[in-house]
1. From the backbone phi of the range 413-427, what are the Karplus-calculated ³J(HN,Hα) couplings (6.51 cos²θ - 1.76 cosθ + 1.60, θ = phi - 60°) in whole Hz, Gly and Pro given as x?
2. Over all Cα pairs of the range 366-479, how is the pair count split among 5 Å bins, expressed in % and running from 0 up to the last occupied bin?
3. When N is the residue count of the range 158-258, what does its C-alpha Rg come to as a fraction of 2.2 N^0.38 Å?
4. Can you list residues whose amide H is under 5 Å from residue 296's amide H, if they're 5+ apart or on another chain and H is modeled 1.01 Å from N?
5. I want the local charge near residue 26. Using Cβ-Cβ distances under 12 Å, sum +1 for each Lys or Arg and -1 for each Asp or Glu among the other residues.
6. Rolling a 1.4 Å sphere over the protein heavy atoms, what is the accessible area per residue of the range 88-141, to the nearest Å²?
7. How much length is gained on full extension from residue 176 to residue 154, taking 0.36 nm per residue of separation minus their Cα-Cα distance?
8. Rg and Dmax of the range 422-524, Cα atoms, in Å?
Amino acid sequence: MISIAISTVISGLLSWGLYYIVGPAFNFTSGELWWFLFGVGLIFTFVEWIGFYIADECCYNAHPAPAIICSCFTGLVAVLGIIFCVASTPLFHSEDFRNAHEVNIAAEGTAVSALPVVDTKDDIPVIDVYTAAKLGDRAMGVMEKYLSQYEVSSEYTLIEYNGDFFRISPLEYGGFWKYNNSKSTGIPGYVMVNIYTGEAKLVELPSELTIRYAPSAFWGNDMFRHLRGQYGSTIFGDYHFEIDENGKPYYIISTMKSTAGIFGAKVVDGVIILNAATGESQKYGLTEVPEWVDNVYSIEHLMEEIDWHFKYVHGAMNFSNKDVRKTSYAFDKSQYYLYPNAGDVILYTGVTSAGNDESNIGFILANMRTGEITYYAAPGAEESSAQASAKGLVQQYGYSAGPVMLVNIDSIESYFLTLKDNQGLVKRYALVNKEDYNIVTVEETVDKAVLSYRQKITTLETQGDSGVVESVYEAVIDGNTTYIFKLVGIDTYYLSDITVSYDQHAKLIPGATIDVSYNQYGNTRVVTNLTFK
């Protein structure tokens, strides 16, 4: 009996250590729980058999029953786990996997109207996650006092903050020893990068708001270990770092449930919002999430659900891949783009047939907050073709192509992308026609790229106006003085470069009478000739 008690105590301590490390949800549908039970069974089995042999050698009266029971338990957990795992696969639940997340089919002809409209550089978010990381490292580099203890996370979540959009990423501990050195003060801040201007800054938090609970922390400050103590049966999904409208730091952790068998087709059913400074948390259903939260779903999980929808269109045994589609993301994870739309964060990726990755048959737009996924049928060139076409115009520089975003320019579907040097810094901006990737322009600024592209896709007809100048403004655009003026009775503005007429500096004043010729680019009238009367 003494040997059994000792073996049980040792096994219990080892099992507690395993639980502390793994932290599984006590939920029948959690795969981690079954692995944990299997691990506990192995610990008890090993310790009990060792105890039996030691006791048998010393006392000659040991009984193998406890060790046999532990062996049977471990074997039963393994067998049941395998059965439940196989029974939860698409082989038996293909419809459940396909319908795990609804994919809306947009009406024919609505594709281009669903895309962000581009008129000027202010309409295009030029900073992707890779560029944001470069800029964030630079911002961190000027704060030498933090470099020895903290690093910038590679997360760079896209959020709306006080009406503008940023990629945001928290600082994190640089390892176990650095955590021990800095745990009393916490993580001091986060990096924000404006997705339109590229302005990056390190935001230092006041002492009462420093981040105490984070994925990079240890012991009780480890985010998931802390939450497991509050939500013992909840299955955790992916997480994002965000700030509320007051700049307070939070982690948004999705919660999951199975929809196919025991373990299969897990979907998001809510979120936990953790105050990273105080450790307080609140669980919300999908319809209860506060408005300031921008990312409930992760890119990886949404793309997995989209893959299920397209892959199991004719079940799991569709070996000919009939009617199967794939996202461009499936071929290359850089083939997606996040952009703001009406205050929400939208994910874009192209869709191609399973047997052909050279052209797209449509694209996906998915809302990162609501999880709404919409498929638009729109044939055209695949993203990699657009990247290759853009790089081909400046191949002498050896630039690499950034992620591709599909935009609406004058009601024409067009790819926008950046070209970067070997340091990852943006050097050129490109626009490529989706239907014909030979129609491409590459320029040093976004505005130049848009104007140059419009000249290629639009048959321009020069138009003319006459009138009295009502107001005039000067601006420097792409290094040149540009005059922005308005005529009396005409409710629009004209843009005239200094090279159109060097008399403008002296003669283009309110009250002047002029004849003006211009080309119409979307909502912009670009002056081609100017005559003073």
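1. Rounded to whole hertz, the list is 5, 9, 8, 10, 7, 9, 10, 10, 7, 6, 9, x, 8, 6, 10.
2. Going from the shortest bin to the longest, the percentages are 2, 10, 17, 18, 15, 13, 10, 6, 5, 3, 0.
3. Numbers: Rg = 14.8 Å, N = 101, 2.2 N^0.38 = 12.7 Å.
For the range 158-258, the normalised Cα radius of gyration comes out at 1.16.
4. 369
5. Numbers: positive: 228; negative: 32.
The answer is 0.
6. Values: 2720 Å² over 54 residues.
Accessible surface, normalised per residue, equals 50 Å².
7. Working: separation 22, 0.36 × 22 = 7.92 nm, distance 1.84 nm.
Residue separation times 0.36 nm, minus the Cα-Cα distance, leaves 6.1 nm.
8. For the range 422-524, the Cα-based Rg and Dmax read 16.5, 52 Å.
The values are calculated or read from the model by the stated rules, or taken from the named source; none is laboratory data. Predicted, not measured: the structure shown is a model, and the values here were computed from it. A quick note on method: Cβ atoms are made from the backbone with ideal geometry, for glycine too, and the neighbour counts reach across all protein chains shown. Ligands, DNA and RNA are excluded from the accessible area calculation, which covers all protein heavy atoms including side chains. Shrake-Rupley method; radii C 1.70, N 1.55, O 1.52, S 1.80 Å.
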